[in-house]
Amino acid sequence: MKKRASNFELLRIISMFLIVAGHVTWQTKFSYNELNLLHRISIQALWMGGELGVWGFTLISAYFLSQSRFKLKSLKKIWGITLFYSISIYLLLVVFHIIPINLKDVIKSFFPVLTGNYWYVSAYIGMYLLFPYMNLVIETVKSFV
């Protein structure tokens, strides 16, 4: 049985919370001019927390990747889930007349990883493809030290 690293799990949960808080401040159309200084500072702190959460989540993911082996099945799964949600969301937006059909959006929806439509998933897949080579470099450097 695998032992869970609860300290990393807690850090991941905190990172996810910060990311959600950062997205809320980014996506909400605040009128900063009408807010007092304390409110503007608190909103900026949430935004910076979101950025910090992304960095933390990425570092934790890289740490776990450095201790695993490359599996094509895992890569296909990440790619497939991203493709499914990208197409589903696009079709729902078109069906409910939220956005019109256009070629640019169709291409972005059907090739979300290649077009960077979901930048974090694209970056994660890039990191996933490179981690066997990064681990090789780390092992080579370790042998010299």
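The values are calculated or read from the model by the stated rules, or taken from the named source; none is laboratory data. As the structure is a computational prediction, the values presented were derived from the model and not from experiment. Positions of Cβ are generated from backbone atoms using ideal geometry, with glycine treated the same way; all protein chains shown enter the neighbour counts. Heavy atoms of the whole protein, side chains included, go into the accessibility calculation; ligands, DNA and RNA do not. Shrake-Rupley method; radii C 1.70, N 1.55, O 1.52, S 1.80 Å.
When LYS108 is evaluated against the numbered criteria (1) crowded, with 16+ Cβ neighbours inside 10 Å; (2) under 21 Å from PHE8 (Cα atoms); (3) among the basic types (Lys, Arg), which criterion, by number, is the only one it fails?
Result: LYS108 passes all but (2).
With the condition kept exactly as written, say whether any residue in the range 19-42 is outside any helix (DSSP H, G or I) and closer than 18 Å to LEU130 by Cβ.
no
Among MET134, MET127, which is in contact (Cβ under 8 Å) with a residue 24 or more places away in the chain, assigned to a helix (DSSP H, G or I), more than 17 Å from the chain's Cα centre (by Cα) and under 25 Å from THR58 (Cα atoms)?
After ruling out the rest, the residue left standing is MET134.
Within the range 62-93, how many residues turn out to be charged (D, E, K, R) and either touching a Phe, Trp or Tyr at 6+ places or on another chain (Cβ under 7 Å) or in a helix (DSSP H, G or I) (or both)?
3
Just one of the numbered conditions (1) closer than 30 Å to ILE138 by Cα; (2) open to solvent by 60 Å² or more (accessible area, probe 1.4 Å) is not true of TRP47; which one?
Evaluating TRP47 over (1) closer than 30 Å to ILE138 by Cα; (2) open to solvent by 60 Å² or more (accessible area, probe 1.4 Å) leaves (1) as the failure.
Checking the conditions here, which among SER86, SER68, SER61 is among the hydroxyl-bearing types (Ser, Thr, Tyr), over 15 Å from the mean Cα position of the chain (by Cα) and within 24 Å of ILE19 (Cβ to Cβ)?
SER68
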